[in-house]
Every structure is written in structure tokens, then in C-alpha cells.
Number of protein chains: 2
Amino acid sequence: MTSRKLQVVSPVPADIDIANSVVPLHISEIAKDLNLNPDHYDLYGKYKAKVLLSVFDELKERQDGYYVVVGGITPTPLGEGKSTTTVGLCQALGAFLDKKVVTTLRQPSQGPTFGIKGGAAGGGYSQVIPMDEFNLHLTGDIHAITAANNLLAAAIDTRIFHENTQKDTALFNRLCPPDKEGKRAFNDIMFRRLKKLNITKTKPEDLTPEEVTKFARLDIDPDSITWRRVMDVNDRFLRKITVGQGPDEKGMVRETGFDISVASEIMAVLALTTSLSDMRERLGKMVIGNSKSGDPITADDLGLGGALTVLMKDAINPTLMQTLEGTPVLVHAGPFANIAHGNSSIVADKIALKLVGPGGYVVTEAGFGSDIGTEKFMNIKCRYSGLKPQCAIIVATIRALKMHGGGPLVTAGKPLDRAYTTENVGLVEAGCVNLARHIENTKAYGVNVVVAVNKFATDTDAEIAAVKNAALAAGAFDAVLCTHHAHGGKGAVDLGIAVQKACENATQPLKFLYPLDISIKEKIEAIARSYGASGVEYSDQAEKQIEMYTKQGFSGLPICMAKTQYSFSDNASAKGAPSGFVLPIRDVRGSIGAGFIYPLVGTMSTMPGLPTRPCFYDIDLDTETGRVKGLS
Amino acid sequence: MTSRKLQVVSPVPADIDIANSVVPLHISEIAKDLNLNPDHYDLYGKYKAKVLLSVFDELKERQDGYYVVVGGITPTPLGEGKSTTTVGLCQALGAFLDKKVVTTLRQPSQGPTFGIKGGAAGGGYSQVIPMDEFNLHLTGDIHAITAANNLLAAAIDTRIFHENTQKDTALFNRLCPPDKEGKRAFNDIMFRRLKKLNITKTKPEDLTPEEVTKFARLDIDPDSITWRRVMDVNDRFLRKITVGQGPDEKGMVRETGFDISVASEIMAVLALTTSLSDMRERLGKMVIGNSKSGDPITADDLGLGGALTVLMKDAINPTLMQTLEGTPVLVHAGPFANIAHGNSSIVADKIALKLVGPGGYVVTEAGFGSDIGTEKFMNIKCRYSGLKPQCAIIVATIRALKMHGGGPLVTAGKPLDRAYTTENVGLVEAGCVNLARHIENTKAYGVNVVVAVNKFATDTDAEIAAVKNAALAAGAFDAVLCTHHAHGGKGAVDLGIAVQKACENATQPLKFLYPLDISIKEKIEAIARSYGASGVEYSDQAEKQIEMYTKQGFSGLPICMAKTQYSFSDNASAKGAPSGFVLPIRDVRGSIGAGFIYPLVGTMSTMPGLPTRPCFYDIDLDTETGRVKGLS
């Protein structure tokens, strides 16, 4: 495997300086290591390539490699280094332990890149490069999602407008216009709607007036529309807006809003789809709201399932990049972890597992703590993919464990309390209740759990020993200290060896937390119990929605909880391992095309804002060299 | 030069069927014909490549090829085939006349592709392929513009929000936060604002309280904001909206709206820029509105000029594609032809002129009739590029000339009147007044004018002879019949020969219609006279704006008239060559970063809508072959 010797420096320089200090290999070199030839991918410049889905078909008969998922304990707002650990582990496996390995990661939103958080390519000596290409347009997938999402949004409002201003026959005549010989015909997508309406006639002229009305008039209830517009920018002023105030829109104003693009259902579809034809069907059956009589209205009803697929046809191919040590990375999809399942794509993982083959490793990240990330990875992503991980990693930091043990509040942008920078074994031990519950919950899926302690400079040996003991006591397969941020892959070699053993010793089948054929409420309650809740409380709105989705035939879908990532409970300040609380369900929504129901536990913001001094103040281009400066 | 023998069929099949019947050459083959090696471009899949700006620097000393601009007579709403003629002429020059040739074209908006108009890759046997890639995301330039435009929009509203909720010192402390040692510093972009404010101090702590206020408080007047959000979708319900209605935005609602992305000033910047450093400056000096005391507020004042450049750094490289006959095409930029100048980019033309070299040809299109397209090409684009065309083509159709001669109304989607499908030499002759004025106006720039009659099946020899006579009488260098739609390059060989002669016999320097150092009104009046107007009438709003831009120091910019393309005058139904009318100026706006002032003659829609049955109904993906169906 192509690899590159890293020259590490101490103290660790800024991320962008490390990223810029390494000249990436041409991506065709990385592809060659995976036995891909130029027919298998499309180049996007010199350092990115889209790997074509056909690669999977070609390797279908090959045995998969090991499948490893990286989750975490309940994080602080500063993050515990899951992406960095994912990348560092792969650098260890590929560049030091001589394994075939592919990292599969989410594509980050550009919102945070220019807002508060900065980039998402890992950190220190464990990064995906080129970092600017990773954090910016990449190969245009999020832009394609934005375009597709907003074409559907425009189609909804415009359809209501045209239905309000035209009689049934005029509408029908425009939908099925006569050709030069005066003949009318239904086209492909219209037959989908006819089928849904149980109309088996094939010629427009055979429809009865009642059938014409049913076919041509979607009769969308404006108040039922759940489809919002999206933009990949932190634009808080678009959270709630009124549209249609122009004179030509004849007073058909409506309150709606924008989400950040990664919160689009189309992103979740991209992440969960398994093939082009599957994507076509999922996009077509996305529900945008109801008719006034309560029937779900889909993208196909609006005539758009095909066009949306065309807009997404290149986005379905994952993007190949590389780590600082020259190991391959597939970047693909990045559904919002709060209202969607927060995992990278199924197709990237499936292709990667074939590419590494038996004895190789695919390491993927599941966003946030195991209550959010790993739970959805298992019950939603693996359910749709049919894949089973052998090993789950739980990334822990002394900092976060101290917080769970009762340490003072940790706030982004504020200096850390002394408790976090000096030895306090008692706080660490107390906080391990959080780690223990994450281990138990994750083990229950039938995987071996390896705890990775992501070392900070101030962590002491006694603190680290306390975590290892607690992890093993809670049933972890192993617990390992990692220094990949400071040392690159070399700092995660022990973790790599532990992961290898965990994979080789995995024997159990995947056990889901709940079956699909129970009611929506029973599924919600099974997940709530795993959080430590003693019960679930539903608002009237939630009850109404559950009844509606059940009536509409969607109760067989898996559940994607929209809950704070900062606690097992709904209360972000309840650290450690809270129990006995009642989990409130405020509302219940559906991403029917993507394939899940998402109950809202509290209010989830789906459009971030910009601070007074956003990251963009420091970002500029060196116009002499073409290099990006100031990206963090 | 690589070329491909076309097998033409009669009657001419649908555009998508012709496009799909040809397997494109790998784009590296096309590049090789232009003596480009793989270091000169970045591949985007197999059939597109971005040619790097550095190619121009490398060839700087080489002599340019001939420069040909394709304009038209005043069009019917059906279009007269300017793109098709541009492509057909290049196929003739490259595949039949053995010339080095590059076509430079605009990137189309995705709005019309899914709305009414369909694609913009030419038509019949004169097309750019692959047609779906040309009409859809291409290489992401428009998406980059959307992202940059909307980041700036979000920054404007959020800055007003933060200024409204913070005192001056708090604002200043957040803009220049202390580092770990408690030290504050200005960063690069802040020094731009300090310079603008004539503050020469370099340390934050040295600023007086008054200077802190001037620096930190932009004090944007919400009513003065001209910067709108954009989306590359026909979404009429976004034409006029109210933003900021969420509870966290504290009642700071504001009326604004979305334009289609190609109407963004950033698109005009991309089209008119000449280098990365020039683009950095133009983006930074874009004016988004005024402070309450009337000073223009720029993207750099908001801290964004650098980040916008980073978002646009790949977009500045033109995209190489190919025609049906294997000749090279550079697709780059596509500013809205109504409120901007409607021409493809300067950098693509400059690179192309070096690539073809002496004796070679670069053929570019200027949107709409010569009053709109060619006038802006000469007075804005050529003024900024320093380039001079040797030949201007005016595309004419018998159909449009009959309309100008008094024929009945031509409406898109309605059957043509019999006058247009049967011989009527009288109507044609009468209509040639329109052609004659376009010839005279175009000749005045010092170029040789060749009239291309784009032949339709129903045109008769007598009608065509009438046009040729009128064209020569009006001073055209030549007038030639073309059948490239039906026959590909072979059908434009005569045109190619005429263009070659026109170029070889060009002797005059470029003469602009107006100098830059006269007043805004004098420039407007010079253009109005070329339309045939006897005078200009300004609204109070226009007067106010002219006064403001003059006071702000922007009166030296060229003028970009926003006028209907359907008449020389402001009245779309005044066909032929109207004169003696008074041109009303409703409002005057500025694209200061792009570098022009645009007077509004009447109301220009900057956001199209969708019809009852948009094009998207027929667009689908064949999920077996991955091929796009139904694109027109």
C-alpha cells in the first residue's frame, strides 16, 4: 500500500499548516493501491475522484473486509476527536500494520466551515487532505442536493398556484397537452400517479371527469407542507420567512423556512440508498405534505422523481481522497445528525468492503455519542445495508469523563476550568458511568467494543488507568490509549492491533434494538429505555402525527430520534448516566423517502447562525500560489 | 485537429437523440489537439476538464488568433439560433476548413433546463456534448456562485443583527478578540477597512473610541440593501419574501427576495475578471448597500472578500468540452443578459485566443440582438479585456424579419401564423430595416459584419436573396445562408469562408460607442441614440441614484442597459427599427465589483417561474444505463 512517512513536529502545528506541509499523491495512485483502474472512477482534479457504483457490481462475489464503526461517549461541546481517531486508526492500519484499509467519512457542510466550527477533516497529524477541497465544494454532492431539494420546493408552491388559478380541465389539458396531431398521452411519471390512484386506464381521453380531477388536482393542504427549502450557508434570517409576496403571486403567501442543506431529506436518501434504481424510488416517494383529504403527496405526484434522480446521478458516486499518510478515504453523504441519522453513505461502505476484501478494514464514523450515532448506525443504516460491523470503537477523553463525573461546565470559546487540566482521578472514575452505559448499549448489538482514549497533553497515567479499568469492567473487549493527533498513525498502532483482535474474535450476529413490525410507539419506547428513561410522554401533536403515519402505512419504518447529543436524556445538562426520567416527544415527523420516522425530543435547530466574527474573516486566497489561507 | 464524421439523418431527430448518438472523445484528446498537457487542466470526469489560468501566463507572448463575436437581429420569443450558429460555424472551421478553433460559450442556468426553455447546448447537428453535463451541474461554477452570493447575504443580515444587539466596545472586542496572552490584532481584511476609513493605526488598542465605532459599526441602512439571495431554480414564490420571522431574530424582519443565480453580481464578476488577484479585488469591492450616512458598504467591509475568492477559486478556470464534430469548446460564466452583460468570460476568450494562435479562430456568442449583446460585448467586455474582434456575425432568420416587416405576433407554445411558413418577400424586405440598423450599429465598432441567415425548411430562395441584398446594401461584408442545424459543420462552410475573409481584411481599431470619462447620463444617452431614441427621460428614483453613484465616485464605470431584447426601444411590441421615441429610465443600479452601472428601462424579472407542466415531467434517468432521458 502506498504510504508516506510523516515528519512530526512538537508542539503540533495548526491543522492547515500540517495539511499544507504534505504534497498529496495523485489520486490515481491511491486508486491503483485499491486495484482500481481508470475505468472505475472519474477524476475531479488531481486529488479527488468519484468511484463509480459499477465497481460494487464488478466485485459483488468478493468477500467483504472487516467493518468497524467509531462512536463516542456523550461529548462536551468541544468534541472528543472522533473524526481524528477514525483517520488516525486508518493511518495506523494502512501505513504501519500493512492492512488494506478504507476510511469512510461524511462530507461536511460548508456552513460551519465559514461559521464557527471550521473544517471537519480530522486534526493534527490525522487528517484528510487536501483539507480545503474536503471542506469546500468537494465534488458538488451537497450542491446537487441543494438544487434538487429546491426544485421540489419550487414545484410545490407553483403547483398550488396553478391549481388555484385553473379549472380541472384546463389543468388536465396543460398536463397532457395535445401533440401536432391533436393526440394526448400520459408520460412515464404520470403512470405512477395513475397507479397510486388505482386508475388503470392508459389514455387521457378515457378518464371520467372525476378521474381527471383526482389525477390533475393534487389539492395540497398548504398547512401540511413539511418540505422546506435549503441552503448550505449559516443563514439564521431564513429560519422563518414568508414567501409569495410578489404582486404576480396574487396574495398566495405562506410561512415556511430554510434548513441547512445537509438537513434535506435528499441527503438522508443519498446516505441510505443502495443503487441508482433504489435512489430513483426513494426520491419519488418522498412525502412533501398531505392533500386536503389527508393523503400523502409525493415528489412523483408532482412529476419530479425522475428529474431529481438526474440531478443526483453523479452525487451517488463516493469521492476518493487520502489521509496525510496516503491511505484511501471515501467521503460520501453527511446527513444532519440531529434530525437524520448522521452517518456516511451505505454505498461507500459497501464499495469499500469489497475493495479491501477479506482481512482488510473499513472504518466509518457514527456522529455523536453511541445513543445518537451508533444506535442509528445499527438500527437504520445497517438494517438497510444488510451489513454487520465486527467491532465498535468508543472514543473517550479524560476531559469529557471529568465533566460526566461532576466537573464544571465546558463551553466552547471559554477557557477550560482547572479541573480539566490537572489530575483528578476521582472525577474521572465518577464520570465512567457514562462510558459504561455506552459500552453496554453498544455491546448489545453483538459487536466487540474497543475503547479508544484520545490523549490530551494534560492527561495523567493514573487518570488513563482509571478509564481502562472501568472500560474492561463494563465489558469492553479492550481499552487503548491513542496519540494519533500528535503522532499520526504511529500513535494509533495499539488501537489498530486491538481492533484487529476484536474483529478476528467477533462471533455474534447483529442484534437490533427493536424489530420493525411493532408500533411506532413501541419502537420509540425501546430506544428511550436504552437511554435510561422510565417512560415516554407524547404531546398531542406527536399523538396526532403517529396516528397519521400509522394510517398512511408508514409505521413499519425504523425510528430516528432527534435528541440532544449532550446527554442520554432530553436534558442537555444531565451528564453521566441519568435514569428514571420520562422522555418527552414534542412532535413526530417522517422522512418517508429516506425511510425513517423522526420523533422530536425538544427543539432542534436546523439552520445554524453566524457569530459576530465568523471564521470567514481569516479565510483568503494567496493569489500568487492559489493556496487557501486561514481555513481551520 | 481531431474531428468526427457526422452521419446526418433527415428529418433532423430530437436534440437529445442526436447528442446521445455520438460517443464523445475523451476530453484529454480534445486538450491534446490544443497542445495542452495534463498539467494544464483538471479533469472532471471523462468529458469535461477545467483549463487552468496558468495556461494564459505560459502562452502570454504568443500572438492571438482571430476573434469573432456572434450577435443577432432583434429576436422572436422562439430564438433565432445564435448558439446553434456559433457551434455550427466552429464545426465548419475546425472539421471542414482545417482551422484551429475554439468556441467560447456561456454556462446555462439550470432554471430553464427544468422549466420552460430546456437546454442551451445548440441544436440539431450543431451541439455541445455531452448535452446533459453541459446543461446540468457542469463543473459546479454556478453552484459556487450561489454559495458565495448567499454567504454574503447571510453575513449582511447577521451583521445588522449583531450590531443591533451589542454596544460598540463589545462588537469591537468580538471582532478583535484577545489571544491567550491577552493581545489583540487586526487581520488582513480589517486593514482594508481601516485604510478605507483613513485610519493608519495598526494596533487595536490605539484606536480612539470614535475610531472603534467607525471601524466596528458598519451601520448598514436596511432599506438601502441591494444584495439579494440567489438560487439556480425557477422559484417565483421567492421573488418577494420577508426574512427574520423566527423568534430568535428578535423581530428584525426585512423584505427582500431571491434572484436566479446567474443574475448574481458574482456571475458578472466571474465573466469580467482577468486574473485571480483581479477577482479578489472585484469581489471585495462589491457594494451591498449603504451605511445610514450614505457610504457604500462592501464585501470587504463585512470581512468576506477573501472567503468569497476561496469559494470561487476553481470557478475561475473555464471548462473544456467538445462539439458533435469534436472541435473544442470553452464553457465559462453566464451572466443574466437583462441586468448584466450576458457574455461568456474574458478569461476563457483570452486563453482560447492563445491556444488557437495566429490564423486560428475564437468564436463567442453575445446574448440577444446587437443592441443588447454586441453593444455590451464591445463597450463592457472588450473594454475590460483589451481584446478586439475582427468580425461580428449577425444571425438573422426569415421568420424574425417577417415579424419586423409587420407579420403577426409570434408567441412561444402557439402555432406559427401562415405568414411565416409561406413565401412573402414583401414582409421580409420590410423587416430588413431591423437587420440594417443592427449592421450599421455593429459596423460602427470598426469590425467587419457578416450576416448569417439561419435557414428554416420553409424559407424560399427569393426570401433569402432579399435578405442578402439588404444586408450588403446596409454595409455588411458578406451575407451567407447556413444549414448547420440540418447538416452540422458542413452546412456552415460558406459562413466559415466568409468569416475567414472578414477577419483577414479587418483593419480598423475598436471604436467604443462612448468614452468612460463622461457623465453617467451622457453615457446612457449615447446608448439610447444607438437604439434610435430621440431622448431619455429619468424617473426621480433614477435621478437620485445617478446622483448617489456619482457622489460615491462610480461615474467612470461603463453602462449596462437593462432593456427588453424584443425591440430596439423600451416597448417590446415596437418591431423593425423604431425611432424618435423617448427612452424611460425607471431606476439605476450598480454592480460595482463587476464594474458597471445598470439603468433599468422598464421592469426586468430576475426570477423566472415554472409552468403547469414544466420540462422536468419528461426528464428521468435510465437506471440501467445511467443515461439521461427527456432533456430537451
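How high is the relative contact order of the stretch A:142-311, given as a whole-number percent (alpha carbon pairs under 8 Å, six or more residues apart)? Numbers along the way, then the final one.
Values: 213 pairs, mean separation 46.5, N = 170.
Taking the mean separation of contacting Cα pairs over the length of the stretch A:142-311, I get 27 percent.
Shape of the stretch B:251-300 from its Cα gyration tensor (a ≥ b ≥ c, root eigenvalues): rounded if a/c is under 1.5, otherwise prolate when a/b > b/c, or oblate?
Numbers: a/c = 3.28, a/b = 1.46, b/c = 2.24.
The shape class here is oblate.
Please report the antiparallel percentage of the DSSP beta bridges confined to the protein assembly as shown, to the nearest 5. Mind showing how you got there, number by number?
Numbers: 60 of 136 bridges.
Taking every DSSP beta bridge with both residues in the protein assembly as shown, the antiparallel ones total about 45 percent.
Tell me which residues come under 5 Å, amide H to amide H, from B:TYR41 once H is placed; ignore anything under 5 positions away on its chain.
Counting only residues 5 or more places away or on other chains, the set is B:LEU52.
In whole Hz and in residue order, list the ³J(HN,Hα) couplings for the stretch B:168-177 that follow from phi through the Karplus curve 6.51 cos²θ - 1.76 cosθ + 1.60, θ = phi - 60°; x for Gly and Pro.
Whole-Hz 3J(HN,Hα) from phi for the stretch B:168-177: 3, 5, 4, 4, 4, 5, 6, 6, 10, x.
For peptide A:143-153, how many partner chain Cβ atoms fall within 10 Å of a residue's Cβ, on average?
Numbers: counts 8, 4, 0, 7, 11, 1, 1, 7, 13, 2, 5.
Rounded to a whole number, the mean comes out at 5.
Over chain B, what is the mean sequence separation of C-alpha contacts under 8 Å (at least six apart), divided by residue count, expressed as relative contact order in percent? It would help to have the intermediate numbers written out before the result.
Working: 1378 pairs, mean separation 135.4, N = 632.
21 percent.
Report, for chain A, the % of DSSP beta bridges that are antiparallel, rounded to 5.
Numbers: 29 of 67 bridges.
Of all bridge pairs located within chain A, approximately 45 percent are antiparallel.
Could you give each residue of the stretch B:90-105 its phi-based ³J(HN,Hα) in whole Hz, using Karplus coefficients 6.51, -1.76, 1.60 with θ = phi - 60°, and x for Gly or Pro?
Couplings: 5, 4, 5, 4, x, 8, 10, 10, 6, 9, 5, 8, 10, 8, 10, 10 Hz.
Return the whole-Å distance between the Cα centroid of the stretch B:1-61 and the Cα centroid of the stretch A:405-460.
Result: 56 Å between the Cα centres.
Please give the net charge around B:ALA528, taking every other residue with its beta carbon less than 13 angstrom from that of B:ALA528, where Lys and Arg add +1 and Asp and Glu add -1. Provide the component values of the computation, followed by the final result.
Numbers: positive: B:LYS521, B:LYS523, B:ARG529, B:LYS563; negative: B:ASP371, B:GLU375, B:GLU522, B:GLU525, B:GLU537, B:ASP570.
So the surrounding residues net to -2.
May I ask for the net charge around A:THR158, where only other residues with Cβ less than 9 Å from the Cβ of A:THR158 are counted and Lys, Arg are +1 while Asp, Glu are -1? Could you put the intermediate results ahead of the total?
Values: positive: A:ARG159, B:ARG236; negative: A:ASP157, B:ASP235.
Counting the neighbours of A:THR158, the net charge comes to 0.
With only Lys, Arg, Asp and Glu charged, each at its Cβ (+1 for the first two, -1 for the last two), find how big the charge dipole of chain B is about the Cα centre; round to the nearest 20 debye. Intermediate values should be presented prior to the final figure.
Working: 68 positive and 69 negative charges, 91 e Å.
Rounded to the nearest 20 debye, it is 440 debye.
Run the simple label-point estimate for A:ARG62 and B:SER291 please: 7 Å along Cα→C-beta, distance reported in nm.
The modelled label-to-label distance comes out at 6.3 nm.
Run the label-point distances for A:SER28 please: 7 Å along Cα to Cβ, every other copy, nanometres, shortest first.
0.4
List the distances, in nm to one decimal, from the label point of A:PRO178 to the label points of the same position in every other copy, shortest first, placing each label point 7 Å from Cα along the Cα-to-Cβ direction.
In ascending order, 8.2 nm.
Could you tally the net charge around B:LYS443, taking each other residue with its Cβ under 12 Å from the Cβ of B:LYS443, Lys/Arg +1 and Asp/Glu -1?
Values: positive: B:ARG437, B:LYS511; negative: B:GLU440.
Summing Lys/Arg as +1 and Asp/Glu as -1 gives +1.
Measuring label to label, 7 Å along Cα→Cβ, what does B:ASN505 give against each other copy in nm, shortest first?
9.1
Using alpha-carbon positions, what is the distance between the centroids of the stretch B:249-264 and the stretch A:328-404, in Å?
Value for the Cα centre distance between the two parts: 38 Å.
Per residue of B:241-253, how many C-beta atoms from partner chains lie within 10 Å of its own C-beta, taken as a mean?
For peptide B:241-253, the averaged partner shielding equals 5.
Please report the relative contact order for the stretch A:520-600, taking Cα pairs under 8 Å with a sequence separation of at least 6, and give it as a percent rounded to a whole number. Please report the intermediate quantities before stating the final value.
Numbers: 136 pairs, mean separation 30.9, N = 81.
The value is 38 percent.
Identify the chymotrypsin sites (Phe, Trp or Tyr not before Pro) of the stretch B:91-174 meeting these criteria: DSSP loop state and at most 10 other C-beta atoms within 10 Å of the C-beta. Could you put the intermediate results ahead of the total?
On the way: sites: B:PHE96, B:PHE114, B:TYR125, B:PHE134, B:PHE161, B:PHE172; in loops: B:PHE96, B:TYR125.
When the chymotrypsin sites (Phe, Trp or Tyr not before Pro) of the stretch B:91-174 are filtered for loop state and at most 10 Cβ neighbours within 10 Å, nothing remains.
If you take each beta carbon of peptide A:167-174 and count the beta carbons of other chains within 10 angstrom, what is the mean? Before the final figure, lay out each step's value.
Numbers: counts 0, 0, 0, 1, 2, 1, 2, 3.
Partner-chain Cβ atoms within 10 Å, mean over residues of A:167-174: 1.
Using DSSP loop states and a limit of at most 15 other Cβ atoms within 10 Å to flag trypsin sites (Lys or Arg not before Pro), what is the longest stretch of chain B containing no flagged site?
On the way: sites that count: B:LYS5, B:LYS60, B:ARG62, B:LYS167, B:LYS180, B:LYS183, B:ARG184, B:LYS201, B:LYS250, B:LYS292, B:LYS511.
Looking at chain B, B:293-510 is the longest stretch - no exposed trypsin sites (Lys or Arg not before Pro) with at most 15 other Cβ atoms within 10 Å.
Just so you know, all these numbers are worked out from the coordinates, no wet-lab data involved. What you see is a predicted model; the values in this text were computed from it and never measured. Virtual Cβ from ideal backbone geometry, glycine too; neighbours counted across all protein chains shown.
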